[in-house]
Amino acid sequence: LQFIQKGLDDEVGYSFQEAVETIRYAPVSKRASFIQKAFDDSKDWYVRRQATEMIQYAPESERAPLIQKAFEDEDWHVRRQAAQMIQYVPGEEQIFLEKKLLQLIQKGLENKDWHVRREAVEMIQYAPESERVPLIQKALEDENTYVHKQAIKMIRYAPESERAPLIREVLKNDQDEFVRRQAVEMIQYASK
């Protein structure tokens, strides 16, 4: 406990990072406040992403507000990690967070920065399954090859009945050989 507290109070990045990585071993009652402190005090996106990963070890009642805090982070790596943490939140709070996630993904897919759009595409796998196909289709329309290729990887997370039509669409409409090759690799996830 003292090690974590001292590390979180330290200005040196490495000590701070080590402290964040050990939050899971802190008493349960202290974990959420340590995670919050890491969010508030760290200027390093990697440390904030590590803190977001620790949300799964926080008390169940504290997880949803911490995820919302991470969704508001300026860095999309942190936001993507927060999307992954939704699975650790109970029932109705999970539904609320999934709606927030959908808004976040849609906003990300419209961003001018292709890095942001690519991060948003990677988050599709954490969206409710019934909402994934329209998001994948929108991402498949992206002109950036990296975003486009990431969208193809997300086909495996679409409902099984929708995978083959998405793959066919890419093979039929895309002229980029590398993109089509990526689509061929997704055939393994289509129904027999």
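Report, by residue number, each residue of the stretch 94-114 that is closer than 14 Å to Lys138 by Cα and of a type in the set (Lys, Arg).
Listed by number, the list holds a single entry, Lys107.
Starting from the stretch 149-175, take each residue that is part of a loop (DSSP other than H, G, I, E, B) and list its partners that are of a type in the set (Asp, Glu) and open to solvent by 30 Å² or more (accessible area, probe 1.4 Å), counting only C-beta distances under 8 angstrom and pairs at least six apart or across chains.
Going by the 8 Å Cβ cut-off, the qualifying pairs are Ala158/Glu129; Pro159/Glu129.
Looking only at the stretch 33-48, filter to residues that are open to solvent by 50 Å² or more (accessible area, probe 1.4 Å) and in contact with a Leu (Cβ under 9 Å, 6 or more places away or on another chain); which one of those is nearest to Lys100 (Cα to Cα)?
Here the residue is Gln36.
When you check Arg180 against the structure, is it more than 26 Å from Glu72 (Cβ to Cβ), open to solvent by 70 Å² or more (accessible area, probe 1.4 Å), assigned to a helix (DSSP H, G or I) and modelled with pLDDT under 95, yes or no? Lay out the reasoning, then the answer.
Working: more than 26 Å from Glu72 (Cβ to Cβ): yes; open to solvent by 70 Å² or more (accessible area, probe 1.4 Å): yes; assigned to a helix (DSSP H, G or I): yes; modelled with pLDDT under 95: yes.
Considered against the rule, which asks whether it is more than 26 Å from Glu72 (Cβ to Cβ), open to solvent by 70 Å² or more (accessible area, probe 1.4 Å), assigned to a helix (DSSP H, G or I) and modelled with pLDDT under 95, Arg180 comes out as yes.
Hey, among the residues in the stretch 81-96 that are touching a Phe, Trp or Tyr at 6+ places or on another chain (Cβ under 8 Å) and of a type outside the set (S, T, N, Q), which one's nearest to Val20 (Cα to Cα)?
Ala82
Which pairs turn up if I take residues in the stretch 30-48 that are over 15 Å from Glu72 (Cα atoms) and among the basic types (Lys, Arg) and look for partners that are modelled with pLDDT of 85 or more and not in a helix (DSSP H, G or I) with beta carbon separation below 9 Å, at least 6 apart in sequence or on another chain?
Close Cβ pairs satisfying both conditions: Arg31/Ala58; Arg31/Pro59.
Is it the case that some residue within the stretch 1-21 is modelled with pLDDT under 80, among the small types (Gly, Ala, Ser), on the phi < 0 side of the Ramachandran plot and crowded, with 21+ Cβ neighbours inside 10 Å?
yes
So which residues in the stretch 183-192 are part of a loop (DSSP other than H, G, I, E, B) and open to solvent by 70 Å² or more (accessible area, probe 1.4 Å)?
If the condition is that a residue be part of a loop (DSSP other than H, G, I, E, B) and open to solvent by 70 Å² or more (accessible area, probe 1.4 Å), then Lys192 is the only one that fits.
Within the stretch 69-127, work out how many residues are more than 12 Å from the chain's Cα centre (by Cα) and of a type in the set (Val, Ile, Thr).
Summing the residues that are more than 12 Å from the chain's Cα centre (by Cα) and of a type in the set (Val, Ile, Thr) in the stretch 69-127 gives 2.
The values are calculated or read from the model by the stated rules, or taken from the named source; none is laboratory data. These numbers come from a predicted model, not from an experiment. Positions of Cβ are backbone-derived with ideal geometry, glycine not excepted, and every protein chain shown enters the neighbour counts. Quick note on the areas: whole protein, heavy atoms, side chains included, nothing else; ligands and nucleic acids left out. Shrake-Rupley method; radii C 1.70, N 1.55, O 1.52, S 1.80 Å.
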